[in-house]
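Each reported figure results from applying straightforward, stated rules to the coordinates on display, with no laboratory input. Predicted, not measured: the structure shown is a model, and the values here were computed from it. Positions of Cβ are backbone-derived with ideal geometry, glycine not excepted, and every protein chain shown enters the neighbour counts.
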Amino acid sequence: MRLATTEQSRQIEAVTQSDYGVDYELLMECAGSGAAREIDQAYFPELKKGAIAIVCGPGNNGGDGLVVARHLHSMGYRDLTVYLVAEKDKRSELFQKQFQRAELIGIRLVDLIESPEKTDQLHGAKIVIDGIFGIGLARKIEDPYDSIVSLINRLKVPVVSLDIPSGLDADRGYVLGNSVRASMTITFGLAKPGFFVGEGPLHVGRLRVLPIGFPYEVLRRVAVTHFGFHERLARRYLPSRSETSNKSDHGHLVVLAGSEGKWGAGILCATGAYRMGAGYVTFASFDNPKEILKDVPEVYTAKIEDEKILENPKIKAVVIGPGLGVNQKTKKLLSYLVKNQKRFPSVVVDADALTVCSQEKLFPLPSSWVITPHTGELSRIIGVESRTIESDRYRYALEASKLTGCHVLLKGFRSVLAHRMRCMVIMSGNAALAKAGTGDVLAGMIGGFLSQNVEPIQATATAAYIHGRLADEWVRSGNDRRSLLASDLGVHLPQLMGRIARGSM
C-alpha cells in the first residue's frame, strides 16, 4: 500500500491539475460524493434515525463536508444539519462556493462562531461527520475548535472523519493538541503515514481509502517514500516449497545466541526460524547449550570455540545476539562476520549484538544486513531520546538506516522498516507483544526466511507482519493481551501461516 505524506499529497493534486486539467473543485466533488456513498453504505441504520451532524471548518476539508451534506441531502436524508466552525474572513474560496450551493438547496446551516450557544444541539446527533481540518493542519488546535473536538469525542455516536481525523498530524500520527477519535476515516486518494504510527491508530478507526480521480500515472510519478505492509504482500513473499524438495533446499541458519541465565532467548529464536520453514537451525553459544535443548530435538547445537562454527559453506543466514552477552567475544564474532560479509550477506543483528555494535561503534554494517532495535536500543544507536523517536518513528528509522547502512526494523506499535530513504509500516501487532522473548522469536523468523533466500526487505517485513498478526489473532480470539507468552508464538504460528498462505483470513 502506497502512503502519501502531506507534501506528496499536495504534489499529486498539483500535477493532476496542471498536467491533466482536473481542477481541485472537481476533486472535491468526487471526494464528497464518494464519501457520502461510503457513509450511506456503512451507517444506513444511523442515518435513518436522522439528526445527522456535519461539522465543517473554514478550509477545503470543510468544503468536502459541505459536498457530503449536499449528496446525503439528495439521497433523501433531510434531517441533516451543517455546523460551521468557520470565521467568514478565513473561509477558503472553494468552501464559500460549496456553502452557497448548500444554502441554495435548503440545507440547514448553523454558524457556531456567531451562535456558539447552538453547539449544544450536537448532543442530539445520531451520527457526526468531521470536516473541521484536513491534512494541512500544522499547529495545535485552539478554541473554538478544541472545544468542538472535545464535545464530538464525548458523544456516544458514530463519528466519520473526512480525509483525516481533525487534529491528527498526517505524517507522524501526532495529536496536535486535540484530535477527533473517529469510528471510521474516509481518506482520499492514498492513505497517510500518520494513520499507522503514534496515536494515529487510536484516532482513525476503520479506514476506507477512496479513489477520487488521481490519474495512475501521477501516482507513479510522485516519489512516494512510505508504504504499508499488509496480508496480501505477506502471502506474496512466503517462500515456495516444492513437494520434491528436501531440508537442504530450505537453508541452514546459524543462531549465535544464549548464555547462562539467557538460554531461553536462543531457544525462542531457533523455534521462530524453524516455524518459518528453515531446513536446518544450529544453535551455537560460548557454552554448549546441548543440555538445555533436550526438549527441542530439531535444533542442532554447537559451542563457539572460535569462528570455526561459521566455516560451513552451506550456511545461508546468521542471527546474532539474543541472550549472547555484551562482551568482547560477541564483538569478535561481529567483526568476523563484517570482515567476511561476502560469505555472510544475510545476517540479523539483535539484542546483545546490537548493544555491542552501538558501544563499540561498529556501524556502518553491510547494506543487506538487518538490525531489529526497539526504541531504547535505537536511542543508543543514534543518540536521540526515546520519547523523541516515538514522536516521529518514520524519521528516526530512516536516520538510523542512513547511519547504520543496513535495514532497520524499529520495533513497536507499529513497527517501521527503513532502508535507503524508504520506509514501510507493518500493519499488524498490538501490546500483547510487549513481553520478554517476543523479539527473539521475531529475529529467528526473519533469519528463517533469509535462510530460504528471501530478500532482506521482504523477509523482514513478512516476518514482522506475521509476528504482529499472531498477536492480533490472539486478542481477536478472546484471549487477554496481557497473557501472551513468547513461547505461544511458536505454538500458534503454523495455523496462522496456513491461513495466510491460503488467503482464508
Net charge near Ala432 (other residues with Cβ under 14 Å of its Cβ; Lys, Arg +1; Asp, Glu -1) is +3
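DSSP loop (so not H, G, I, E, B), at most 14 other Cβ within 10 Å: list which GluC sites (Glu not before Pro) in the stretch 254-345 pass both filters.
On the way: sites: Glu260, Glu291, Glu298, Glu305, Glu307, Glu311; in loops: Glu260, Glu291, Glu298, Glu305, Glu311.
When the GluC sites (Glu not before Pro) of the stretch 254-345 are filtered for loop state and at most 14 Cβ neighbours within 10 Å, Glu260, Glu291, Glu298, Glu305, Glu311 remain.
Using per-residue counts of other Cβ atoms within 10 Å, averaged over each peptide, order 441-447, 243-249, 404-410, 426-432 from highest down. Could the numbers behind the result be given before it?
Numbers: 441-447: 31.4, 243-249: 8.6, 404-410: 25.4, 426-432: 21.6.
Ranking the peptides 441-447, 243-249, 404-410, 426-432 by packing returns 441-447, 404-410, 426-432, 243-249.
Which order do the peptides 415-424, 380-389, 132-141 come out in when sorted by mean C-beta neighbours inside 10 angstrom, highest first?
On the way: 415-424: 21.6, 380-389: 15.1, 132-141: 18.7.
With the highest mean Cβ count within 10 Å placed first, the list reads 415-424, 132-141, 380-389.
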Express the relative contact order of the stretch 298-358 as a whole percentage, based on alpha carbon pairs under 8 Å and six or more residues apart in sequence. 42
Setting aside same-chain residues fewer than 8 positions from Lys118, which lysines have a Cα under 18 Å from its Cα? Lys88, Lys126
With His226 itself left out, Lys, Arg at +1 and Asp, Glu at -1 over residues whose Cβ is under 10 Å from its Cβ give +2
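Going by average Cβ neighbours within 10 Å, how do the peptides 452-458, 319-325 rank, with the highest at the top?
Details: 452-458: 19.6, 319-325: 28.9.
Ranking, from highest mean packing down: 319-325, 452-458.
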May I ask you to derive the relative contact order of the chain, considering only C-alpha pairs under 8 Å and at least 6 residues apart, and to give it as an integer percent? 13
Reachable lysines from Lys308, Cα under 22 Å, same-chain residues fewer than 8 places away excluded? Lys290, Lys316, Lys329, Lys331, Lys332, Lys339, Lys342
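Charges at C-beta only: +1 for Lys and Arg, -1 for Asp and Glu. How large is the resulting dipole of the stretch 151-236 about its Cα centre, in Debye rounded to 20? Intermediate values should be presented prior to the final figure.
Numbers: 12 positive and 6 negative charges, 61 e Å.
Charge dipole, the stretch 151-236, about its Cα centre: 300 debye, nearest 20.
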Provide the per-residue ³J(HN,Hα) series for the stretch 225-242, in order, calculated from phi with Karplus coefficients 6.51, -1.76, 1.60 and θ = phi - 60°, each as a whole number of Hz, with x at glycine and proline positions. 10, 10, 9, x, 9, 10, 4, 4, 5, 4, 4, 4, 8, 4, x, 6, 9, 5
Sequence neighbours fewer than 8 away in the same chain don't count; with that in mind, list the lysines whose C-alpha is under 20 Å from Lys435. Lys262, Lys411
Please report the net charge: other residues with Cβ closer than 13 Å to the Cβ of Phe344, K and R +1, D and E -1. +3
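Which of rounded, prolate, oblate describes the stretch 423-469, given a ≥ b ≥ c as roots of the alpha-carbon gyration tensor eigenvalues and a/c under 1.5 marking rounded, otherwise prolate only if a/b is larger than b/c? Please list the in-between numbers first.
Details: a/c = 2.81, a/b = 1.42, b/c = 1.99.
Oblate shape, in that a/c is at least 1.5 and b/c is the bigger or equal ratio.
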Can you work out the Karplus-derived ³J(HN,Hα) for every residue in the stretch 252-259? Use 6.51 cos²θ - 1.76 cosθ + 1.60 with θ = phi - 60°, whole Hz, and x for glycine or proline. 10, 10, 9, 9, 8, 7, x, 6
Say the dipole of the stretch 242-342 comes from +1 at the beta carbon of Lys and Arg and -1 at that of Asp and Glu; which of Asn312, Leu333, His252 then lies farthest toward its positive end? Leu333
